[in-house]
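Student: Can you keep this structure in mind? I'll have questions shortly.
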Amino acid sequence: QTCALPICMQTEAPTNSLERGLAILRLIGSKRGGLTNGEISRELGIPKSTCSYILSRLGREGYVSKQSNTGRFRIGLKTLTLAHDALREVGFHSVAESALYRLAEETGLAAVLAALDGDRCLTIDRVESPEFMKDFAERGRSLWTYYPPRELRSVGAEFPVHATSFGRVLLAYLPRPELVAILDRIPLPRMTPYTVVSKKELLAELDRVRELGYSIVDRQSHEDTLAVAAPIFGPEVAVRAAVAVGGSRSLAVWDDTPRIVRLLKQAAAEISKRLSRPLQLESEEAFAAQPAKT
């Protein structure tokens, strides 16, 4: 079975007000049901009085909310505004949406867009499989042996980079020194009995990902999950994100994995091309706006 995803990995107590405020937000966001002031203080090693002050300021701005009956603090809705602004700046939604819907339709699997944020791998868009939508509409649940809970299907969900197809793609195309530095910093938790937790083995696997142009993971993050991912390149020929499809490894669609890989690579190429297009169009429009020479 799976273990909990390592979302909040605080290695040392934050020292200044900004670090403490951010650490508090990350911690509260990682704990379902919220936390009390005392729990936050103990978890982060911050004095209760300091926690109380920071929480009051965060609450005043709407970034946290306090439950009157339990005294627990939860993430406030104001954070949704920041998340929306961040996603808008990333600029993937408009260029990737049609490709994601087509991937989900053609494969019958969930289609996911993910990006690397520091040492973290975050989903920035997701389209559920047609079968999942039908099952939930008719029965209120998925008929797949395993389907990720809602918090792992939401935009902004964090996943381990070493045990997911999109995480490995994002790592594989990093410059070697940056890749090694990340692997030296992050833990490699064993999610299933099959998870690769050896740094040497993982580096060898990442070399294969670059050679093949895609990553396929089987039972790495969950024993019933199989997924494939491919890189998305930006105008500067660097990997900006990864697109993936995944689902239960018992599905018949995996009998023709080469077809899935082909469709995935086509989608990745399409999104990459569209990412480069806005800069090209902007340049063309600027040229067209110049006054004609006489």
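The values are calculated or read from the model by the stated rules, or taken from the named source; none is laboratory data. Being a predicted model, the structure only gives us computed values, none of them experimental. Here the Cβ is made from the backbone with ideal geometry for all residues, glycine too, and neighbour counts use every protein chain on show. Accessible surface is based on the protein model in full, side chains and every heavy atom, while ligands, DNA and RNA are left aside. Shrake-Rupley method; radii C 1.70, N 1.55, O 1.52, S 1.80 Å.
Student: Can you list the lysines whose alpha carbon is less than 29 Å from that of residue 134, not counting same-chain residues fewer than 8 positions off?
Tutor: 265
Student: Still on this structure, please answer the following. Quote the relative contact order of region 123-233 in percent (integer), defining contacts as alpha-carbon pairs under 8 Å separated by 6+ residues.
Tutor: Reported relative contact order: 26 percent.
Student: If the cut-off is 27 Å between C-alpha atoms, which lysines fall inside it for residue 78, apart from same-chain ones fewer than 8 positions away?
Tutor: Once the sequence-local lysines are set aside, what remains near residue 78 is 31, 48, 66.
Student: Find the relative contact order for region 99-180 and round it to a whole percent, using C-alpha pairs within less than 8 Å whose residues are 6+ positions apart.
Tutor: The normalised contact order for region 99-180 reaches 26 percent.
Student: Put 219, 249 in order of accessible area, largest first, 1.4 Å probe: what do you get?
Tutor: On the way: 219 65, 249 85 Å².
Result of the area sort, largest leading: 249, 219.
Student: Rounded, prolate or oblate, given the Cα gyration tensor of region 204-257, with a/c below 1.5 counting as rounded?
Tutor: It comes out prolate by the Cα gyration axes.
Student: How many angstrom lie between the Cα centre of region 174-244 and the Cα centre of region 113-132?
Tutor: Computed from Cα coordinates, the inter-centre distance equals 14 Å.
Student: Let me ask you something else. Does region 155-218 come out rounded, prolate or oblate, given a ≥ b ≥ c as the square roots of the eigenvalues of its C-alpha gyration tensor, rounded meaning a/c under 1.5 and, failing that, prolate meaning a/b above b/c?
Tutor: Working: a/c = 1.21, a/b = 1.14, b/c = 1.06.
It is rounded, given that a/c, with a ≥ b ≥ c, falls under 1.5.
Student: For 222, 162, give me the order by solvent-accessible area with a 1.4 Å probe, most accessible first, ignoring ligands, DNA and RNA.
Tutor: 222, 162
Student: Could you tell me which trypsin sites (Lys or Arg not before Pro) in region 127-156 are loop residues by DSSP with no more than 10 other beta carbons within 10 angstrom of their beta carbon?
Tutor: Qualifying residues, ordered by number: 141.
Student: If each of residue 78 and residue 32 carries a label point 7 Å out from its Cα toward its Cβ, how far apart are those two points in nm?
Tutor: My value for the distance between the label points is 2.7 nm.
Student: Something else about it: What accessible area, in Å² to the nearest ten, does a 1.4 Å probe give for residue 253?
Tutor: Number for this one is 40 Å².
Student: On to the next question. Leaving ligands, DNA and RNA out of it, work out the accessible area of residue 146 with a 1.4 Å probe and give it in Å² to the nearest 10.
Tutor: 60 Å²
Student: Starting from the Cα gyration tensor of region 90-172, take the square roots of the eigenvalues, sort them a ≥ b ≥ c, and report rounded, prolate or oblate (rounded when a/c is under 1.5, otherwise prolate if a/b is larger than b/c, else oblate).
Tutor: Prolate shape, in that a/c is at least 1.5 and a/b is the bigger ratio.
Student: Once you place label points 7 Å from the Cα toward the Cβ at residue 39 and residue 210, how far apart are they in nm?
Tutor: That separation, rounded to one decimal, is 4.3 nm.
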